[in-house]
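First, the structure itself, so that you have it in front of you.
Values quoted throughout were computed directly from the atomic coordinates according to the rules given, and no laboratory measurement underlies them. Since this is a predicted model, take the numbers as computed values, not measurements. Because the Cβ atoms are built from the backbone with ideal geometry, glycine has one as well, and the counts that use them run over all protein chains shown.
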Amino acid sequence: MGYAAGVTATPSVMALPSDPAQRRVELFPEATDEQWADWKWHQRHAVRDARRLAGLLPLTQDERDGLDETAAIFRLGISPYYLTLVDPGHPLCPVRMQAIPVKAEARVRPGELADPLGEDPHRPVEAIVHKYPDRVLLLATDSCSVYCRHCTRRRITKGGEAELSRSALERGLDYIRATPAVRDVLISGGDPLLLSDERLEQLLTPLRAIPHVEMIRIGTRMPVTLPMRVTEALATLLRRYAPLFVVTHFNHPKEITKEAREACERLVDHGVPVENQTVLMRRLNSDARIITELNHACLKMRVRPYYLHQMDVAEGCEHLRTPLQKGVEIIGELRGWTTGMAVPHLAVDLPGGGGKVTLQPDYVTERRPNETVLRNYRGEPYVYPEPEAQDCTCPYDEVWQRR
Ligand SMILES: *Cc1c(COP(=O)(O)O)cnc(C)c1O
Ligand code: SF4
């Protein structure tokens, strides 16, 4: 169902979601199956300007203004695959909201920051963010297959930083090598899986060779936005660097398509565990029913829900932020009501650089000298008697640590 230019879409109450396979036929009839399965084809054919987008999709006035006003602020980029998930008949389609800017994105509200997580003061070298004692973020590239409208690291992904050069990555590796406290390296960006298999190996091989690096994580949206990137060859490559975890970013069950499922299962089948981080966004997924369905769909493809992120206080994202209490409420509607593995940690990355903290409903209702009163997930009171002895030191640990 189309609508005239300039008219805001008023979706019919009875409308069904659009069908991605049908949309592919409508939007990219020329693409052969072989091309469609090739992530590089999608990269070459990504929609990167407003005119081309307008030719593919009836846009609302809000989106037209948004495209116009954000053009100089943040990149536009939508892979053909991800575009087929956009519902042309509904302006609040969750994929649409993540891919197409609206006017509000061009607006900076009081308190919003270009560097909301205060990362820049924690960059000992260009490619490293070192904020926590034992782990670092390694920024491998400034590019992505889709530029998420909710990206809070857009000061990097907008491209102003220039491509992180090989020498910047070299200096990043040198920093990790010289910093024995770093036992966990989270490779991020941008999207590290936009690097070719060869470049990835050139990064992973020296990283794995650092004795104190115990584990590696790769933060990527490819399983969501361009699942064709997750080839057999890539899964095999990543497995060789175990323990290596892929952390992906599904925000709505609509994104869990057959292709996305195959990509995640391919990784897991090859021995690469996959975790998911969701960003909680107002009117997009700010509902316990949606988060429950999303997390169930993740578990069905063996992806563990890890974090539910409170939206960072980043420039141009206010319209997507939920009140803190909303996330707490959602966790309260999951904990106890469904599989514990489907309940993520609700993380708030503190504005200004304090790092992440997690929130959850308060189940403690009263603390007495010898007992604590809690409520269960249904709100019913239960008493936990505190033990008499309270010394929690572990004497054998002295022995154990000598091994
Ligand atoms: C989120 C984050 C990490 C990883 O945090 P975990 O809680 O271990 O997942 C590491 N460094 C930075 C700068 C981060 O923002
Ligand atoms: S994939 Fe990640 S880094 Fe890239 S635009 Fe989306 S949120 Fe930002």
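Would you work out which of His150, Ala181, Pro227 lies farthest towards the positive end of the dipole of the range 120-359? Charges go on Cβ: Lys and Arg +1, Asp and Glu -1.
His150
What Rg and what Dmax come out for the range 363-403 when only alpha-carbon atoms are used, in angstroms?
Calculated on Cα positions, Rg and Dmax stand at 16.4, 47 Å.
For a Förster distance of 56 Å, can you work out the FRET efficiency between the beta-carbons of Arg199 and Glu388, rounded to the nearest 0.05?
E between Arg199 and Glu388, to the nearest 0.05, is 0.40.
Something else now. What angle, in degrees between 0 and 90 and rounded to the nearest 10, separates the Cα long axis of helix 288-300 from the longest principal axis of the Cα atoms of the chain?
In the chain, helix 288-300 runs at an angle near 80 degrees to the longest axis.
Okay, moving on. In degrees, nearest 10, range 0 to 90: what is the angle between the Cα axis of helix 61-70 and the longest Cα principal axis of the chain?
Approximately 70 degrees, to the nearest 10.
Do me a favour and compute the ellipsoid semi-axes for the range 271-403 from its Cα gyration tensor, root of five times each eigenvalue, largest one first, whole Å.
Semi-axis lengths for the range 271-403 are 31, 22, 18 Å.
Okay, helix-only estimate at 222 nm for the chain: each DSSP H run of n ≥ 4 adds -39500 (n - 2.57), divide by all residues, round to 500 deg cm²/dmol; what do you get?
Roughly -8500 deg cm²/dmol at 222 nm, from the helical runs in the chain.
Hey, what angle do you get for helix 324-334 against the long axis of the chain, alpha-carbon based, 0 to 90 degrees rounded to 10?
80
Provide the three semi-axes, in whole Å and in decreasing order, of the ellipsoid equivalent to the range 120-359 as defined by the square roots of 5 times the Cα gyration tensor eigenvalues.
For the range 120-359, the semi-axes come out at 28, 21, 17 Å.
Specify the inter-centroid distance of the range 314-358 and the range 246-280, based on alpha-carbon positions, in whole Å.
What the calculation gives is 20 Å, centre to centre.
Still on this structure, I have one more. Mean separation of Cα pairs under 8 Å and 6+ residues apart, divided by the residue count of the range 120-359: what relative contact order is that in percent?
After rounding, I find 14 percent.
How big is the gap, in Å, between the Cα center of the range 116-191 and the Cα center of the range 192-210?
Cα centroid to Cα centroid, the span is 14 Å.
Let me ask you something else. For Leu350, list long-range residues whose amide hydrogen, built 1.01 Å from N in the peptide plane, is under 5 Å from its own amide hydrogen.
Those qualifying (amide H under 5 Å, at least 5 residues apart or on another chain) are Gly355, Lys356, Val357.
Amide H to amide H, which residues 5 or more places from Leu113 or on other chains are under 5 Å from it, using H placed in the peptide plane?
Ala314, Glu315
A further question follows. With an 8 Å cut-off on Cα pairs and a minimum separation of 6 or more residues, tell me the relative contact order of the chain in percent.
Worked out over the chain, it gives 13 percent.
With a point put 7 Å past each Cα toward its Cβ, work out how far Ala37 is from Arg177 in nm, to one decimal.
That separation, rounded to one decimal, is 4.1 nm.
Can you list residues whose amide H is under 5 Å from Gly190's amide H, if they're 5+ apart or on another chain and H is modeled 1.01 Å from N?
Hits under the 5 Å cutoff: Thr157.
So for the chain: antiparallel DSSP bridges make up what percent, rounded to the nearest 5?
Percentage antiparallel, nearest 5: 35.
Kindly give Rg over Rh for the range 38-172, based on alpha-carbon atoms, with the Kirkwood expression for the hydrodynamic radius.
Rg divided by Rh gives 1.01.
How many percent of Cα pairs in the chain exceed 35 Å?
That fraction is 31 percent.
Once fully extended, how much extra length lies between Thr338 and Tyr363, figured as 0.36 nm per residue of separation less the alpha-carbon to alpha-carbon distance?
Gain in length upon complete extension: 7.3 nm.
I'm checking a number: the convex hull volume of the Cα atoms of the range 20-103, normalised per residue, in Å³. What is it?
Spelled out: Cα convex hull of the range 20-103, divided by residues, is 89 Å³.
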